[in-house]
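Single-structure report; data block below.
The values are calculated or read from the model by the stated rules, or taken from the named source; none is laboratory data. Because the structure is a prediction, the values reported are computed rather than measured. Counting neighbours? That spans all protein chains shown, and the Cβs are built from the backbone with ideal geometry, glycine included. Please note that ligands, DNA and RNA were not included when accessible areas were found on the heavy atoms of the full protein model with its side chains. Shrake-Rupley method; radii C 1.70, N 1.55, O 1.52, S 1.80 Å.
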Amino acid sequence: MTADEFRLMLREKTNEQLLGPCLRDDATPFVFSSKPDSWNTFRQELISALGVSKDEIRVVGSARFGFSMKPGRNLKSFSDTSDIDVVIVNAKLFDEL
């Protein structure tokens, strides 16, 4: 998805509809788009270390789409100095921590 497509989606979709592409779908994140197999390897490391499933792991932020969604950043492009924000949604792990 391009930054312009994202801007259009923001105007046309509800917040609830935005959750799909932003969190729920299992598309390969931008940061792994040049090597999709590395996305599976990355997730497998988290699965092994944390005991979660692949469906509970998501990349968010600029690493997800290739541009920052942080207010005031004007959809700044992902770069070599950008971090990779990972979200793990797991009830058992949440309760333990």
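One Cα centroid belongs to segment 78-92, the other to segment 1-70; the line between them spans 9 Å.
Between the Cα long axis of helix 3-12 and the first principal axis of the chain there is an angle of about 90°, rounded to the nearest 10. Among the listed options [x] 25, 17, 7; [y] 21, 14, 11; [z] 24, 17, 12, the one matching semi-axes √(5λ) of the Cα gyration tensor in Å as calculated from these coordinates is [z].
For segment 46-90, the Kirkwood hydrodynamic radius from C-alpha pairs, put into Stokes-Einstein at 10 °C and a viscosity of 1.306 mPa s, yields a diffusion coefficient of 137 µm² per second. Helix 36-50 axis versus longest C-alpha principal axis of the chain: approximately 50°, rounded to the nearest ten.
Highest mean first, what order results for 45-56, 70-81 on Cβ atoms within 10 Å?
Listed from highest to lowest mean packing, they are 45-56, 70-81.
Of the solvent-accessible surface of the chain, computed with a 1.4 Å probe over protein heavy atoms with every protein chain present, carbon and sulfur atoms account for 53 percent.
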